[in-house]
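The structure under discussion appears below in the form of structure tokens.
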Amino acid sequence: MDDLVALCKRRGFIYPASEIYGGLNGFWDYGPLGTELKNNIRDAWWHDMVRCPPIGPDGEPISIVGLDSSIIQNPRVWEASGHVDGFNDPMVDCRETKSRYRADHLMVLGGEDTGERRLYAYLAGDDEGRDRAVKLLGKYEKVSAEEADWTDRPLVDLPAAALERVVGPDTKEPGSLTEPRQFNLMFKTFVGALQSEDSAAYLRPETAQGIFLNFNNVVDTMRVKVPFGIAQVGKAFRNEVTPRNYIFRSREFEQMEIEWFCHESEAATWFDFWCETRRKWWESMGLTSDSVQMRRHDADELAHYAKEGCGTFDVEYRFPFTSPDFGELEGVAHRGNYDLSRHMEFSKKKLEYFDQPRNERYLPHVIEPSAGLSRGTLAILCEAFTPDEARASKVYMKFQPRVAPIKAAVFPLVNKDGMPEIAGKLYETLRQRWPIQYDAKQSIGKRYARMDEAGCPWCFTVDSDTVNDQAVTVRDRDSLSQDRLAIDQVENWLADRLK
Ligand code: GAP
């Protein structure tokens, strides 16, 4: 991860937000290449899910329409959705260091519980933190790790009385951690000039609710018929207790969500359909099948809206920081009619749908494939990162051409003998259609290295032969092959590969 994070900074994919002021934990900015990459993933999703959605289980094309709703909605929305009461994480404070941790992210290391022995806490997945715990516990118990009877346990599994014997991740003495208490993850703000509780509002923690709020509007204006979907891409905000793992868990991020409305009797079929469709989509974006898996949520992980007995499946990716385990990329949830019925109850507006063929009025059930655009970008960055000692860059980003931020580069081999003029003309033509880079600085090897790190699939070089044979050299990022191609064929050649 350290190497990937460094490359992302160096090559303009991702920067820490407010960096010149020391940054702000949990917030990130996307640089020029990161913005292109993220937009390409977003556009691929929009194309494959909204403009040209998949074929349904009955062999017919399905119907999905798009939406772009407000980030700030009437605060009653979040009471109805259950987020005011139920969108909480358990939080533990350290009285000594003033640090704050998510209780369910803390592990403790210690021996069999006699009611007296110390336990040392560390953050799950933090190898250095665990090493520290091993060292301190060994020193305290005067025993080596090999001889000790220690085990690793989640902090939340400890009885309350054991907490006073736990040494916090950043302290040396026990008893500084508070009991876990619930912490609401929504960011609060004020609407208008009066800053009082009456004007309080929330930044949306998911894009989904904007879709439920517009269910009637879409049905009335778009002539859609159940089953159909509404899709939205946009920012969501969560005041995460411990943002971590780069952009994996941040406080401001983007989601790509579909709410699929269907009749209750068909919900199970659609649930299976969406689990399969979404897993395949991530694989089509270049995530290899052995690094992607589907996992059913355990009963104690289910969100407040998940329908009992049906649950949620996650599409998971093996991120470097979760490996050999997997981390959530997308959740596919069966929300039942929870949201529409809650909004009907709270707004007192009828949200039922009249199904003409069935001659039945009902609240549709909802299957929700909810993907993280920011997490998807991270997964694609991790997957693309390919070390290769034989190259000048030592690493290249093996993006699929569809998502690559730069589709091709044009170089004059040297800046004389008419080469810059020919290369400039080719660049002018190609950039009308795709993001193309022109680079005439430094040696050709350094230019290839820059493009390898940016994940640019092809480079076209104009050399001294071009004047005579009207051809350029195409260098392929992955195979490193170098072939000659007629200059007037370049546009079609590229169009073919970027179809
Ligand atoms: N509407 C349902 C919903 O929001 P979720 O599982 O809480 O479900 C969906 O979020 C997706 O949003 C996750 O699978 C993940 O990809 C992304 N996501 C959630 N919290 C995130 C965070 N703090 N940082 C980055 N991405 C996040």
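The values are calculated or read from the model by the stated rules, or taken from the named source; none is laboratory data. Computed from a prediction, not measured in an experiment: that's the story for all the values here. Every residue, glycine among them, receives a Cβ derived from its backbone with ideal geometry; neighbour counts consider all protein chains shown. The accessibility values were calculated without ligands, DNA or RNA, using every heavy atom of the protein model including side chains. Shrake-Rupley method; radii C 1.70, N 1.55, O 1.52, S 1.80 Å.
Per residue, the accessible area of the range 392-499 comes to 48 Å², computed with a 1.4 Å probe over protein heavy atoms only.
Proximity of backbone amide H atoms, modeled 1.01 Å from N, is registered between Thr312 and His297 at under 5 Å, excluding neighbours fewer than 5 places apart on the same chain. Over the chain, DSSP H runs of length four or greater, each weighted -39,500 (n - 2.57), average out per residue to a 222 nm ellipticity of -8000 deg cm²/dmol. Note on the chain: Kirkwood radius taken over Cα pairs, Stokes-Einstein applied at 25 °C and 0.890 mPa s, translational D equal to 95 µm² s⁻¹.
For the cross-link pairs Lys280/Lys407; Lys188/Lys350; Lys98/Lys142, which exceed 27 Å when the distance is taken from alpha carbon to alpha carbon? Violating the 27 Å Cα-Cα cut-off are Lys188/Lys350; Lys98/Lys142. Calculated accessible area for the range 254-371 comes out at 45 Å² per residue, all protein chains present (probe 1.4 Å; ligands, DNA, RNA ignored). Couplings for the range 135-142, taken from phi via the Karplus curve 6.51 cos²θ - 1.76 cosθ + 1.60 with θ = phi - 60°, read 5, 5, 5, x, 5, 5, 8, 6 Hz in order; Gly and Pro are left as x. Each Lys and Arg Cβ is given +1 and each Asp and Glu Cβ -1; about its Cα centre, the chain then shows a dipole of about 1340 debye.
The aspartates and glutamates within cross-link reach of Lys416, meaning a Cα-to-Cα straight distance under 18 Å and a gap of 8 or more places when in the same chain, are Asp439, Asp463, Asp465, Asp469. What percentage of the solvent-accessible surface of the chain, computed with a 1.4 Å probe over protein heavy atoms, is contributed by carbon and sulfur atoms? Using a 1.4 Å probe with all protein chains present, the chain comes out at 48 percent carbon and sulfur. What the phi angles of the range 38-43 give under the Karplus curve with 6.51, -1.76 and 1.60, with θ = phi - 60°, is a coupling list of 5, 4, 5, 5, 4, 5 Hz, glycine and proline written as x. Per residue, the solvent-accessible area of the range 88-183 (1.4 Å probe, heavy atoms of protein chains only, all protein chains present) comes to 56 Å². Listed values for the range 216-223 are Karplus-derived 3J(HN,Hα) couplings in whole Hz (6.51 cos²θ - 1.76 cosθ + 1.60, θ = phi - 60°), namely 4, 4, 5, 4, 6, 10, 10, 6, and x replaces Gly and Pro. Going down the list Lys139/Lys172; Lys235/Lys499; Lys425/Lys499, which pairs span over 18 Å between their C-alpha atoms? In this structure, Lys235/Lys499; Lys425/Lys499 lie more than 18 Å apart at Cα. When the residues Glu383, Glu146, Glu316 are ordered by accessible surface, computed with a 1.4 Å probe over the protein chains alone, the sequence from largest down reads Glu146, Glu383, Glu316. Measuring with a 1.4 angstrom probe and ignoring ligands and nucleic acids, His297 comes out at about 30 Å² accessible.
Close amide H pairs (under 5 Å, H built 1.01 Å from N) link Tyr202 with Gln73, Thr189, residues at least 5 positions away or on another chain.
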